[in-house]
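Please read the structure below before turning to the comments.
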Amino acid sequence: MSISIPSKINRLLIDAVPGGLLFAAWLRKEGYSAQLLKKYRDSGWLEGLSHGVMYRKNDNLSALAAVYSYNHQTGKIARIAAHSALELLGFNHYVPMGKPRLMVAFASGHFDDWVRSDKYDMTILPFHTSIFKNPTTQFLDKNGLSIIISSPEQAFLECLHLVPDYYNYMDLYYIMEQLTSLDSDNVQTALENTSSQRVKRMFLYMAEKAGHYWFDMLDTDKFELTTSKLKLVNNGVYSSKYRITVPKELNDYE
């Protein structure tokens, strides 16, 4: 045991993703028993973050590395989403006050304790929604890691979904103005896979107002837009074409 422990812990410490997490269930599959993991914690090599989740002692935890570790070790899929995905893809980013935020979309609405930790370089803000059928994603290499993120088309729809909890429509329109290079086929697919009338109609309103060339290539007949009127804001201006009430500031903006 005196020989195997150092070799196993050395391998673990070397192979672990810098700033990432170590999930006990995955470690046990890799041959690390619960007793051995306890010995590592007691010896100061590993530190517990939450139930069943550890990290290398004195590591500076990275929110991106944590999400990568979760996907890689559990086989589940959490994606960097909303404004965080847009920022990583180089679009004009949304700047909140205080500590940087990382929006992460999970497959279910149950979020484990590790997600809520304040030890990361960014605050992880998790969300789950069923309004997106087959959300479009892509991989992005960041800091040597292959990160799953929402496509830009998907990410902006997610931003609209998260109004007013995390965003407001005027700030999002400023981002929409930057989305000149979206792919019309990807926009078409993303909108067809969105069930929220609020999200779809506001996206179309903003895209048309911004005058993007790809807007004219969309087949809006396939978006299943209903005829109901939606009041998205109080004291706004009614758009008869999209049957939504939009902020007066947005309506008047040129």
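Which condition does Asn235 not pass, out of (1) at pLDDT 95 or above; (2) of a type outside the set (Phe, Trp, Tyr); (3) farther than 25 Å from Ala63 by Cβ, if it passes all the others?
The single condition Asn235 does not satisfy is (1).
Considering only residues that are closer than 19 Å to Pro135 by Cα, surrounded by fewer than 19 Cβ atoms within 10 Å (Cβ to Cβ) and out of contact with any Ser or Thr (no Cβ under 8 Å at 6 or more places or on another chain), which ones fall in region 196-218?
Listed by number, the residues that qualify are Ser196, Arg198.
What about Thr189, is it open to solvent by 20 Å² or more (accessible area, probe 1.4 Å), assigned to a loop (DSSP other than H, G, I, E, B) and not basic (Lys, Arg)?
no
Going by the conditions given, is Ala155 of a type in the set (A, V, I, L, M) and at positive phi? Talk me through it step by step, then tell me what you get.
Values: of a type in the set (A, V, I, L, M): yes; at positive phi: no.
So Ala155 fails the test.
Give all pairs with beta carbons closer than 9 Å in which a residue from region 133-150 that is under 17 Å from Asn193 (Cβ atoms) and among the basic types (Lys, Arg) meets a residue that is open to solvent by less than 70 Å² (accessible area, probe 1.4 Å) and not in a loop (DSSP other than H, G, I, E, B); count only pairs at least 6 apart in sequence or on separate chains.
So the pair list comes out as Lys133/Thr194.
When only residues in region 30-82 that are of a type outside the set (A, V, I, L, M) and in a strand (DSSP E or B) count, which is nearest to the chain's Cα centre (by Cα)?
Arg79
Only one of (1) assigned to a loop (DSSP other than H, G, I, E, B); (2) under 23 Å from Glu87 (Cβ atoms); (3) out of contact with any Cys (no Cβ under 9 Å at 6 or more places or on another chain) is not met by Ser228, so which one is it?
Tallying (1) assigned to a loop (DSSP other than H, G, I, E, B); (2) under 23 Å from Glu87 (Cβ atoms); (3) out of contact with any Cys (no Cβ under 9 Å at 6 or more places or on another chain), Ser228 fails exactly one: (2).
In region 84-141, what residues are part of a strand (DSSP E or B) and either crowded, with 18+ Cβ neighbours inside 10 Å or touching a His at 6+ places or on another chain (Cβ under 6 Å) (or both)?
Within region 84-141, Arg101, Leu102, Met103, Val104, Ala105, Ile124, Leu125, Pro126, Phe132, Thr137 meet the criteria.
So, in region 211-254, how many residues would count as being within 13 Å of Gln197 (Cβ to Cβ) and hydrophobic (A, V, I, L, M, F, W, C)?
5
Being free of Cβ contacts under 8 Å to residues at least 60 places away in the same chain and closer than 18 Å to Arg79 by Cβ narrows it down to one of Thr220, Thr189, Thr180, Thr226, so name that one.
Thr189
The values are calculated or read from the model by the stated rules, or taken from the named source; none is laboratory data. Fair warning: this is a prediction, and the values are worked out from it, not measured in the lab. Note that we place each Cβ from the backbone using ideal geometry, even for glycine, and neighbour counts take in every protein chain shown. Each accessible area value is taken on the protein alone, full model and side chains, heavy atoms only, with ligands, DNA and RNA left out. Shrake-Rupley method; radii C 1.70, N 1.55, O 1.52, S 1.80 Å.
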